[in-house]
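Participant: I'd like to ask some things about the structure below.
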Amino acid sequence: MSNYKPLAGVKVIELSFMMAGPSCCRYLADWGADVIKVEKKSGDTFRFYPPTMGMPATQDCNPLYDDLNAGKRCISLDITKPEGMEALHKLLAAADVFVTNNRQKALDKNGLDYNTLKEKYPGLIMAQITSYGRKGPRCNDPGQDTISFWVSSGFNADMMIETENSYPVFGSNGTGDFITGLGLAFAVVCALYKKKETGLGDYVENSLYGMGLWCTSNYNIGCLPQYKWTMPRRRDTCTPGSAPFKCKDGNWIMCAVVNIETQWAGFANAIGKPEWAHHEIYGTTKGQSDFRVRAYLMKACEEIFASKTAAEWDKIFTDLDLTHDIMAHYGDFVKNEQAFANEYAFDVTYPNGHKTTLIRPSMTSEKMGVPAFVRGPMTGEQTETILAELGYSPKQIKEMEETGAAYQIKN
């Protein structure tokens, strides 16, 4: 592993919980930033989330938490006590970046809003995750990505195929958090770049709702009244070159014929229908826009795909260099060589013997290589070390622990 770290020397203070804010700091830590996570003694609420998914959640074996908080250090402070708040301000005074996903009214109450902080620390970059943005009637609303990113953007309702017994789909938990956190990390790096020139900090923000709109903008704009796009995408509204088909073995496979005029011929030849390749109707976007044509082609393709296994179709499409894949299920990545070849996935064995496979952010740097995995910190694992770095004496640290202003986990 290289010693090259693009963000080496950058100090980040993280006062956030669950996934959006912490994911932003995971990206920064991977690229060399010294991220200090500030938690209360009871810990980030995400520490206790994994059991809902049947996963362990102890201080020394918490795979889901570790995956999100790898490479960070942790100090446990009670900022409702003057000594705890004083320690937090000492951290901020020495920091380059302050990341939080606390709501604005909580930050205002504690004097941790940007207008207050920029007067004390003009070089500090404050980075905030919000649910619905800084303005408008919902600016102070609580949020989770399952609601603000997925539900509010239109995904859950409009991906539902309505039948007598149907109900809205669920967005993948955490996806909106990770995307929003990534957007915030980009804004942080831009602010750091400008700070090198001016010496001044900035306030950068990203919201779950705003990122949800951005990520679904193709559909959201396409569904405006002046356009013809409709949701949900049903079987009868799909073009066969970009629809999933069930194979002989029960698995599904899907291609992506984005441009019918240029790509349809390759697809038609691959499935053994050369007469379709340059057909005056089947081989045009206009022709496939006719629902009767789509219905005929869809039914014919269903019969064709059912004649071979997914693996057989996979080889055919691979040999012809057609964009496609067998539909994967969550968890299938552990059997996918591609995930391990690129080191997106890696195996971990905990001291208690628990074995699992984790996934790292996929961004890479030729000079840096793949960052080493360092598990997420236990609650207050580095409290005493960090306080000492701030200039606290052993006596002062002990007094803070005795009053509950600081907490160090005892191994």
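The values are calculated or read from the model by the stated rules, or taken from the named source; none is laboratory data. Because the structure is predicted, anything quoted here is derived from the model rather than measured. Counting neighbours? That spans all protein chains shown, and the Cβs are built from the backbone with ideal geometry, glycine included.
Participant: For region 15-22, check the following and say yes or no: at least one residue is within 16 Å of the chain's Cα centre (by Cα), of a type outside the set (Asp, Glu) and under 25 Å from GLY369 (Cβ atoms).
Facilitator: Yes, that holds for at least one residue.
Listed here are the residues, each with its yes/no results for (1) within 33 Å of the chain's Cα centre (by Cα); (2) aliphatic (A, V, I, L, M).
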residue: MET363; (1), (2): yes, yes
residue: LYS367; (1), (2): yes, no
residue: ALA372; (1), (2): yes, yes
residue: GLY376; (1), (2): yes, no
residue: THR383; (1), (2): yes, no
residue: LEU390; (1), (2): yes, yes
residue: GLU399; (1), (2): no, no
residue: GLN408; (1), (2): yes, no
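Participant: Anything in region 94-113 that is within 23 Å of the chain's Cα centre (by Cα) and not basic (Lys, Arg)? List them, or say none.
Facilitator: If the condition is that a residue be within 23 Å of the chain's Cα centre (by Cα) and not basic (Lys, Arg), then VAL97, PHE98, VAL99, THR100, ASN101, ASN102, GLN104 are the ones that fit.
Participant: Provide a single number: the residues in region 333-353 that are in contact with a helix residue (DSSP H, G or I) (Cβ under 7 Å, 6 or more places away or on another chain) and in a helix (DSSP H, G or I).
Facilitator: 2
Listed here are the residues, each with its yes/no results for (1) surrounded by 19 or more Cβ atoms within 10 Å (Cβ to Cβ); (2) closer than 30 Å to SER365 by Cα; (3) among the aliphatic types (A, V, I, L, M); (4) touching a residue at least 40 places away in the same chain (Cβ under 8 Å).
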| position | (1), (2), (3), (4) |
| --- | --- |
| PRO6 | no, yes, no, yes |
| VAL10 | yes, yes, yes, yes |
| TRP31 | yes, yes, no, yes |
| LYS41 | no, no, no, yes |
| PHE46 | yes, yes, no, no |
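Participant: Here's something else I'd like to know. Would you mind finding the one in LYS308, LYS286, LYS273, LYS299 that is touching a residue at least 24 places away in the same chain (Cβ under 8 Å) and within 30 Å of LYS228 (Cβ to Cβ)?
Facilitator: That would be LYS273, the only listed residue that is touching a residue at least 24 places away in the same chain (Cβ under 8 Å) and within 30 Å of LYS228 (Cβ to Cβ).
Participant: Here's something else I'd like to know. Please specify each residue of region 354-389 satisfying the condition of being touching a strand residue (DSSP E or B) at 6+ places or on another chain (Cβ under 9 Å) and part of a loop (DSSP other than H, G, I, E, B).
Facilitator: The answer is HIS354, ARG360, VAL370, PHE373, ARG375, GLY376, PRO377, MET378, THR379, GLY380, GLU381, GLN382.
Participant: I'm told LYS90 meets every condition in (1) farther than 24 Å from GLY181 by Cβ; (2) touching a strand residue (DSSP E or B) at 6+ places or on another chain (Cβ under 6 Å) except one. Can you identify the failing condition by its number?
Facilitator: Condition not satisfied by LYS90: (2).
Participant: Name every residue in region 288-340 that is of a type in the set (A, V, I, L, M) and over 24 Å from SER172 (Cβ atoms), in order of residue number.
Facilitator: VAL293, ALA295, LEU297, MET298, ALA300, ILE304, ALA306, ALA311, ILE316, LEU320, LEU322, listed by residue number.
Participant: Restricting attention to region 351-373, report how many residues are surrounded by 10 or more Cβ atoms within 10 Å (Cβ to Cβ) and either among the hydrophobic types (A, V, I, L, M, F, W, C) or not assigned by TED's automatic domain parsing to the domain that holds PRO50 (or both).
Facilitator: 6
Participant: Right, here's the next one. So LEU68 clears everything in (1) part of a helix (DSSP H, G or I); (2) without any contact (Cβ under 8 Å) to a residue 60 or more places away in the chain except one condition, right? Which one?
Facilitator: Going through the list (1) part of a helix (DSSP H, G or I); (2) without any contact (Cβ under 8 Å) to a residue 60 or more places away in the chain, LEU68 breaks only (2).
Participant: Which one of these does VAL348 not meet: (1) β-branched (Val, Ile, Thr); (2) under 26 Å from CYS255 (Cβ atoms); (3) surrounded by 12 or more Cβ atoms within 10 Å (Cβ to Cβ)?
Facilitator: The one condition VAL348 does not meet is (2).
Participant: Restricting to region 17-39, name every residue that is at pLDDT below 95 and either closer than 16 Å to LEU88 by Cα or hydrophobic (A, V, I, L, M, F, W, C) (or both).
Facilitator: Passing the criteria: PHE17, MET18, MET19, ALA20.
Participant: Is there a residue being in contact with a Gly (Cβ under 9 Å, 6 or more places away or on another chain), closer than 12 Å to GLY210 by Cα and of a type outside the set (Lys, Arg) anywhere in region 156-175?
Facilitator: There is no residue in region 156-175 that is in contact with a Gly (Cβ under 9 Å, 6 or more places away or on another chain), closer than 12 Å to GLY210 by Cα and of a type outside the set (Lys, Arg).
Participant: Also: Name, by its number, the condition in (1) among the small types (Gly, Ala, Ser); (2) in contact with a helix residue (DSSP H, G or I) (Cβ under 7 Å, 6 or more places away or on another chain); (3) surrounded by fewer than 13 Cβ atoms within 10 Å (Cβ to Cβ) that does not hold for ALA406.
Facilitator: With respect to (1) among the small types (Gly, Ala, Ser); (2) in contact with a helix residue (DSSP H, G or I) (Cβ under 7 Å, 6 or more places away or on another chain); (3) surrounded by fewer than 13 Cβ atoms within 10 Å (Cβ to Cβ), ALA406 is out only on (3).
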